[in-house]
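Working notes for the structure below.
We did not get these values from a lab; they are worked out from the coordinates using the rules stated. Treat the numbers as computed from the prediction; the structure is a model and nothing was measured. Here the Cβ positions follow ideal geometry from the backbone for every residue, glycine too, while neighbour counts run over all protein chains shown.
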């Protein structure tokens, strides 16, 4: 039996983070464990992260998705700098935001580039389905880019 077979490979690498002064970390820890138990490799950066540190960690860890837990109401101040920093670094890592996001702010965040928003109470199945969809789309895009480079 090959211990490093594809069946043992993680489904993806996910960085989860708490931005700003939000100290409520119970939910993000539950999500991190849920993802780990579902076969994802999870990197949890801990509390009180800056957008710069989150992006640096995501690049260093070569993650497939960044998950931001937002319960403080500072999502419009803290999420766009993450997206801007990713663009400035020239990396395309999808960002998922979970937590208390008022309906009036959803369009603002998705128009800024957030891949998905998960509200409090999102089921395990919903969380996994969102990540599977985002990672599959990212892998498809990477495969298409590689194909175009081979044709050049």
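Relative contact order of the chain, taken over Cα pairs closer than 8 Å and 6 or more residues apart, is 21 percent. Packing, taken as the mean count of other beta carbons within 10 Å per residue, orders the peptides 119-127, 15-23, 106-114 from highest to lowest as 15-23, 106-114, 119-127. In a fully extended conformation the segment linking residue 9 and residue 144 would gain 46.4 nm over its present Cα-Cα distance, using 0.36 nm per residue. The chain gives an Rg/Rh value of 0.98, both radii derived from C-alpha positions and Rh following Kirkwood. On full extension, the segment bounded by residue 74 and residue 122 gains 15.3 nm, given 0.36 nm per residue less the C-alpha separation. Could you check what % of the DSSP bridge pairs in the chain are antiparallel, to the nearest 5? Of the beta bridges lying entirely in the chain, close to 0 percent run antiparallel.
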